Each structure stands twice: as structure tokens, then as C-alpha cells.
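Participant: This is the structure, below, for whatever I ask next.
The values are calculated or read from the model by the stated rules, or taken from the named source; none is laboratory data. All values derive from a computational prediction rather than experimental measurement. All Cβ positions, even for glycine, are placed from backbone atoms using ideal geometry, and neighbour counts span all protein chains on display. Each accessible area value is taken on the protein alone, full model and side chains, heavy atoms only, with ligands, DNA and RNA left out. Shrake-Rupley method; radii C 1.70, N 1.55, O 1.52, S 1.80 Å.
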Amino acid sequence: SSIEIAPYRVEYGLGTVKMIRESFQRTMSLEQHNRFDDLNNHLNFFTKYEPKYVRVAIDLQSSDIVSCMVLKDNEIEQLYVHVDYQWNGIGTRLINIAKQESPNSLELYAFQLNTHAQAFYKKQGFVESARGMASNKGNPWAVTPEQLADIKYVWSAALPQGE
């Protein structure tokens with residue numbers, strides 16, 4: 001494979017943020033913009049994590065960051081795969097790393113508008129456990145809370161897989 005999974009490094013910051021922003025905006029059909037203050041806030045986002053919690057996928061042919069996962073304890077706090085690279089096994093590779101590092105259970109949230117993510121997580125053995133509304137306060141894209149309505153998913157090694 002021309003995709004390598006690697007620990008996050010500071011020099012991956014801008015490429016990671018650009019990938020996350022483009023993927024989120026396109027997937028959620030939201031306004032695409034690149035305002036400096038928003039970019040800066042996203043770059044600062046990664047400074048709150050120890051590098052051991054963040055993995056990136058790098059396309060070795062282009063050197064582009066094409067995916068990112070933040071796994072802290074048993075929660076996948078972020079998982080993005082660039083829309084041009086989805087359904088090529090990158091997300092599955094990252095989920096498998098998460099399952100190895102948290103072998104008993106995992107949890108994560110997906111937006112209700114993101115039906116592709118929902119299908120992916122179900123295919124990976126996650127089941128829906130709750131629905132809620134994320135706050136749109138200060139969100140540069142969302143106009144209404146409904147745009148950020150989310151679903152909590154859980155995976156447990158104790159549950160039957162593949163259903």
C-alpha cells in the first residue's frame with residue numbers, strides 16, 4: 001500500500017488541518033472557507049494532545065496527509081479520512097489500531113448528517129447507543145444545532161461482531 005500510518009508530528013499540522021477541514025466541509029455540505037483565525041484555532045487543537053494519541057495516514061506518493069485519528073483512552077475523539085480516499089481501507093486500518101489499543105471497548109460520535117460515517121462504523125461493529133445535539137456556538141460552519149446533531153456509537157469486544 002502507498003498509505004503509511006504514522007504518529008502525529010508537529011510538521012504534519014497544516015496538512016492535517018487542511019485535510020480535516022476539506023473533508024468535514026464536503027461531507028457535511030457546509031460552506032467552504034479558510035479564514036486565518038479558524039485555521040489557527042484548528043492548528044492549536046492538536047497542541048492539547050500528546051502525540052501518542054494522534055495518528056495520521058500519509059500517501060507516500062504525494063506526501064499528503066489523507067487521514068487522522070485521535071484516540072484517547074477508549075474514545076476515538078476524531079477520525080477523518082479525506083473524501084477522495086474513503087472506502088479504501090484506511091479507516092478500517094485506523095479502527096483496527098484503536099481496537100488493539102483499547103481491546104475491551106471503544107466509543108465515538110458521528111454526525112447524523114454523515115450517513116457514510118454511520119455505515120462505516122456499523123460495518124466495523126459499532127452500535128448506536130445515544131443521540132444528541134452538539135452546540136453550534138462558535139462553530140464557523142453550522143447555522144443551526146440540527147446541523148451538528150450527533151450519534152454516539154460503542155464497540156465492545158463482548159458484543160457479537162458483524163451484525
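Participant: Can you run down the residue pairs with Cβ atoms below 8 Å, 6 or more apart or on separate chains, where the first is in the range 59-78 and in contact (Cβ under 8 Å) with a residue 24 or more places away in the chain and within 16 Å of S156 (Cα to Cα) and the partner is open to solvent by less than 60 Å² (accessible area, probe 1.4 Å) and not in a strand (DSSP E or B)?
Facilitator: Matching pairs, first to second residue: L71/Y53; L71/I97; L71/A98; L71/S102; D73/S102; N74/S102; I76/I95; I76/A98.
Participant: Another question, then. Here is a check on your reading of the model: is E77 modelled with pLDDT of 95 or more, among the acidic types (D, E) and not in a helix (DSSP H, G or I)?
Facilitator: no
Participant: Go through the residues of the range 97-109 one by one and say whether even a single one is in a strand (DSSP E or B), closer than 25 Å to E4 by Cβ, open to solvent by less than 20 Å² (accessible area, probe 1.4 Å) and free of Cβ contacts under 8 Å to residues at least 60 places away in the same chain.
Facilitator: Yes, the conditions are met somewhere in the range 97-109.
Participant: Mind listing whichever residues of the range 47-80 are in contact with a helix residue (DSSP H, G or I) (Cβ under 6 Å, 6 or more places away or on another chain) and open to solvent by less than 50 Å² (accessible area, probe 1.4 Å)?
Facilitator: Result: V56, A57, I65, V66, S67, C68, M69, V70, L71, I76, Y80.
Participant: Among all residue pairs at least 6 apart or on different chains, which show Cβ distances below 6 Å where the first residue, located in the range 1-19, is over 19 Å from Q61 (Cβ atoms) and the second is open to solvent by 40 Å² or more (accessible area, probe 1.4 Å) and outside any strand (DSSP E or B)?
Facilitator: P7/P51; Y8/P51; G13/L43; V17/H42; V17/L43
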